[in-house]
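I have placed the structure first, in the form of C-alpha cells, so that the comments after it can refer back to it.
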C-alpha cells in the first residue's frame, strides 16, 4: 500500500526551497515548476539535504521536457502515471520499466536516483510539479488510468487530488461544451440534395416528458427511438455537409477553419452520445448477437461485453458520465452494482469470461500490448487480456507482481465495470493512433 514517508528522527535538514540558477532567474515555466516542487515537499514533509535539493531542482527541466514529449508518445504518459501509482516503498520498483524510462532522464544529474531513502517520494513529487498544465495530445488519456487510485491510501492527498482533476485550462476538442459561437438557428437544415432535414420532434419529446415517471420503456420507447434516430440521421447529414464545405474552404481564414473544426468535433461528440444512448436503450450485444438480458446469469460476460461495447460508442464522449451510464445500464439489467469482491477476484472472473468467448474478443492494440508487456503496473484489465491472448493460465502471484497494486482491496461491481470501461477506452484510443 502507498504509505506516507516515514520519519525516523535522524533527519536534521530543514525543508529547502529550490534555488534559482547562477543568473538569479530562470524561465517562467521553470520557476513555476520549482515553486510547485517546493510546495509539495512542504505538504509531504519531505526534507532533502542541500545536495539532493540541488539535484532535484536541476532535474526539473529534463523531467518537464520528457513529459512534454508525451504529447506525441503515449508510453511516456502511461509510464509517468505508473510511477505516480506505484508504492514508493516497494523494493522491486527499481526493476520496473516505468521507472527505468524516467531514470534515463535523471541519471546524468542524479546518478544514484532510486537507491536511497524516500527517493521515490521525491521522484513522484517531481513528476507532479513538472506535469504540463496544458494536457494536450496523449495527456488526454490520463483519466483512463484513473481507477487504480481507488486502491491507494494516498489518493486523498490534496496534491494528487488536484492532479487527478480534469485540467480546466485546456479543454479537449472532442469535449466542446459551448457551441454558442456556431449557432444553428433553424428547425430544419438543407442537405446537399436540397431536401430539408426535419428536426421537429416536439410531440415525441413531450410524450417522453409526460410518461418518463412510469419507468417503463413501453411507455416512451417508440418516441425515444424516433428522437434518437432522427437526430442521429441529421447529425450524419450535417457532418457530411461540413466535410464538403471544409474541402471548398482551403483558402479560408484560420479562424473560420478552427470554428469548422470545433463544429465537426461537436457533431462527432453528439452523434456518439446518441449512439451510446441508443445502445443503452436497446441493450443488445452486437458481438454475441443477442440481448444482454440473456447474459444475466453470466455476470462476468455481461460486465465485459457491456463495458466493451459502451467504450466503442463513447470514444468522443466525456468519460465519467459515460461510465456512470454504463453502471446505470447494468443496474437496469438487474445487476447488483454494489456487490463487492477483491480486485483479484474480479480479474479471475474476467479471465474466465474472456476464455469462454475468446474467438469473439478483439485483440489488444499493438501499442498497449507492448506497453503492458514491459510493465503492466496499474493495468489489471489489460494484464488479463494479455494472459488470454497468449493462452496463459491465470497466475495469482504473477498478477500481483505485474499489476503491483493491492489487489486484495474490495471494490464493487460498478467500480470494476468502470475500470474495464476505462482501460478498454485506453486501448481503443491507442489503436486509433498507432502507426
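Would you mind stating whether residue 155 is modelled with pLDDT under 90, in a helix (DSSP H, G or I), surrounded by 12 or more Cβ atoms within 10 Å (Cβ to Cβ) and assigned by TED's automatic domain parsing to the domain that holds residue 48? Outline the logic, then answer.
Working: modelled with pLDDT under 90: yes; in a helix (DSSP H, G or I): yes; surrounded by 12 or more Cβ atoms within 10 Å (Cβ to Cβ): yes; assigned by TED's automatic domain parsing to the domain that holds residue 48: yes.
Answer is yes for this residue.
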Only one of these is in the same structural domain as residue 308 (by TED's automatic domain parsing) and either out of contact with any helix residue (DSSP H, G or I) (no Cβ under 6 Å at 6 or more places or on another chain) or over 30 Å from residue 277 (Cα atoms) (or both): 423, 401. Name it. 401
Which one of these is touching a strand residue (DSSP E or B) at 6+ places or on another chain (Cβ under 8 Å), exposed (fewer than 15 other Cβ atoms within 10 Å of the Cβ), assigned by TED's automatic domain parsing to the domain that holds residue 417 and outside any helix (DSSP H, G or I): 334, 338? 338
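Yes/no per residue for (1) modelled with pLDDT under 95; (2) on the phi > 0 side of the Ramachandran plot; (3) under 15 Å from the mean Cα position of the chain (by Cα):
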residue	(1), (2), (3)
360	yes, no, no
371	no, no, no
410	no, no, no
422	no, no, yes
Within the set of pairs 6+ apart or on separate chains, which have a first residue in the range 95-119 that is closer than 18 Å to residue 53 by Cα and in the same structural domain as residue 401 (by TED's automatic domain parsing), a second that is surrounded by 14 or more Cβ atoms within 10 Å (Cβ to Cβ) and at pLDDT below 90, and C-beta atoms under 7 Å apart? none
Within the range 301-317, identify whether any single residue is modelled with pLDDT of 80 or more, touching a strand residue (DSSP E or B) at 6+ places or on another chain (Cβ under 9 Å) and farther than 14 Å from residue 416 by Cα, and answer yes or no. yes
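Residues are listed down the side, and each one gets a yes or a no for (1) in contact with a strand residue (DSSP E or B) (Cβ under 8 Å, 6 or more places away or on another chain); (2) under 17 Å from residue 150 (Cβ atoms); (3) surrounded by fewer than 20 Cβ atoms within 10 Å (Cβ to Cβ):
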residue	(1), (2), (3)
359	no, no, yes
362	no, no, yes
373	no, no, yes
376	no, no, no
380	no, yes, no
384	no, no, no
398	no, no, yes
422	no, yes, no
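The values are calculated or read from the model by the stated rules, or taken from the named source; none is laboratory data. On a predicted model such as this, the values are computed, not experimentally measured, just so you know. Counting neighbours? That spans all protein chains shown, and the Cβs are built from the backbone with ideal geometry, glycine included.
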